[in-house]
1. Give the range 125-147 a look and list any residue that's part of a loop (DSSP other than H, G, I, E, B) and farther than 30 Å from residue 209 by Cα, or say none.
2. Which residues, taken from the range 278-311, are closer than 26 Å to residue 11 by Cβ and surrounded by 16 or more Cβ atoms within 10 Å (Cβ to Cβ)?
3. Can you pull out the residues in the range 192-219 that are outside any helix (DSSP H, G or I) and under 30 Å from residue 36 (Cα atoms)?
4. Tell me the strands (runs of 3 or more DSSP E) entirely within the range 245-354 that contain at least 1 residues that are modelled with pLDDT under 90.
5. Report, by residue number, each residue of the range 220-234 that is assigned to a helix (DSSP H, G or I), farther than 18 Å from residue 353 by Cβ and touching a helix residue (DSSP H, G or I) at 6+ places or on another chain (Cβ under 7 Å).
6. What pairs come up if the first residue lies in the range 228-240 and is in contact (Cβ under 8 Å) with a residue 60 or more places away in the chain, the second is buried (at least 18 other Cβ atoms within 10 Å of the Cβ) and in a helix (DSSP H, G or I), and their beta carbons are under 6 Å apart, counting only those six or more places apart or on different chains?
7. Run residue 241 past the list (1) more than 26 Å from residue 25 (Cβ to Cβ); (2) at pLDDT 90 or above; (3) outside the structural domain of residue 209 (by TED's automatic domain parsing) and report the number of the one that doesn't hold.
8. Quick one: count up the residues across the range 148-186 that are touching a residue at least 40 places away in the same chain (Cβ under 8 Å), farther than 20 Å from residue 340 by Cβ and outside any helix (DSSP H, G or I).
């Protein structure tokens, strides 16, 4: 029977290492989308959001006579959508041969190796969660693929008008990128009541825009210039009250394709689209983001007496060294239940332009 091993790494220390590693990823990794989905630890396994009934706007209050009756706002006409936080884990094995190779100064060697593998396991969980943050940001949904035939799509109910294709792709000779971006921002404002603060674009999209003759002339005033600089392009956007340009993360992520049993390297985002969004917030402040949260619940493994965690420390990622079998082998495990949740899915808009 498996048991928590305290000889090499106390579970409280392993949990602390895992949570520091997760915070480091979210605050400093170039691919981190925690500014849109900051982490929030919750003592629950479900979440609830309102879909279909709110346009994000508050109805203005009504005047009343002195001693007159107050009036209520009509809201909540939509439906409450409930979902679950889903488990995800990563483990590494220190088998008999590995431990024999570490037999000199075994305790220190295994302690260092265990801490390293806790960080690696945590990073693996962070990458999968971030991969689905990107999906929610771009598509208003997440796709959960797991072992045992798990295939589940969680659709947060983004307005279909906010997932579209430009009538003329930017590579077309008669395309007008600025007019299209302005039209996109107008539609976003019509649906949400405010204009998007940022437009995320890949270097490929920005290159097409910055070499478009109309854009070059407007940004530089020189019809002979081959392209506008990043600074000139942003100044032109500011002049037309268009969203601030933000580089779309170009990072790749390695994932298991459970249908083919192969490992694939995928782009975090597709490079042929524009994504309109509010400005990202502090990645470590759950209250700073308008769009969503990444909810981390309390795992069953962390709720065992062997972990020794206080009730207030139960929600969030956990880790430990587990001992099992004879001759015994050690498993380093990181475990979590989590879900990036778009509470305001209409606050992003995706437009295919290439």
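The values are calculated or read from the model by the stated rules, or taken from the named source; none is laboratory data. Nothing here was measured: the structure is a model prediction, and the numbers come from that model. Heads up, the Cβs are rebuilt from the backbone with ideal geometry, glycines too, and the neighbour counts pull from every protein chain shown.
1. 147
2. The first filter runs over the range 278-311 and keeps only residues closer than 26 Å to residue 11 by Cβ, leaving 284, 286, 294-311.
Those that are closer than 26 Å to residue 11 by Cβ and surrounded by 16 or more Cβ atoms within 10 Å (Cβ to Cβ): 286, 294, 295, 296, 297, 298, 299, 301, 302, 307, 309.
3. So the first thing to find is which residues in the range 192-219 are outside any helix (DSSP H, G or I), and the list is 193-202, 211-212.
Correct list: 193, 194, 195, 196, 197, 198, 199, 200, 201, 202.
4. Passing ranges, in order: 252-257, 262-267, 318-324, 329-342.
5. Matches in the range 220-234: 220, 232.
6. Going by the 6 Å Cβ cut-off, there are no qualifying pairs.
7. Checking residue 241 against (1) more than 26 Å from residue 25 (Cβ to Cβ); (2) at pLDDT 90 or above; (3) outside the structural domain of residue 209 (by TED's automatic domain parsing), the one that fails is (3).
8. So the count comes out to 6.
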